[in-house]
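In what follows, a single structure is set out as structure tokens and then discussed.
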Amino acid sequence: MARYAHPPQRQALEAEIWDLARRIPRGRVTTYGRLAGLATPPDGLDPAAYRAFGARWAGGALAHCPGDVPWWRVVNAQGRISAREGAERQRRLLEAEDVAFDRHGRIDLDRYGWPLVADPSGTDVR
């Protein structure tokens, strides 16, 4: 499998990742992988390559997103904030939205995860 530092059609994928992140409601989170899974894979890219690199590309897109994108609502697959500069701020922003962390620093993705179950209109429902 080819290695990719950046996705093909990078600008289009990043714009879609940002748009999807803007849809995450206050008090909810999603994972980098889930966000990538909701996005349209770049044309001509092997599906296995997209599965392998999509979460990293979503993280890269959020690392330099526009100011109106709620980047703090995206966490890693374990429900944790990834260790990096800005991690403390991310936790404060999530806690301000009443997202709770367990004693191990994890968020319960079953409770706070987005999307929930989508109905045919695209609205999240319980």
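Bear in mind these aren't lab numbers, they're just calculated from the coordinates by the rules spelled out. None of the values given here were measured: they were computed from a predicted structure. When we count neighbours, we look across all protein chains shown, and the Cβ atoms used for this are built from the backbone with ideal geometry, even at glycine.
Give me, ordered by chain and number, the residues 5 or more places off Gly113 or on other chains with an amide H under 5 Å from its own placed amide H.
Val29
Amide H of Val75: which non-local residues (sequence gap of 5 or more, or other chain) have their own amide H closer than 5 Å, using H built in the peptide plane?
Residues meeting the criterion, in which the H sits 1.01 Å from N, are Thr30, Thr31, Tyr32.
Pull up all non-local amide H partners of Arg80: gap of 5 or more, or a different chain, and H-to-H distance under 5 Å with H placed in the peptide plane.
Close amide H contacts, sequence-distant or interchain: Ile107.
Averaging sequence separations of C-alpha pairs under 8 Å and six or more residues apart, then dividing by the length of the chain, give the relative contact order as a whole percent. Provide the component values of the computation, followed by the final result.
On the way: 148 pairs, mean separation 35.2, N = 126.
After rounding, I find 28 percent.
Placing +1 at every Lys and Arg Cβ and -1 at every Asp and Glu Cβ, with all other atoms neutral, what dipole size does the chain have around its Cα centre, in debye to the nearest 20?
360 debye
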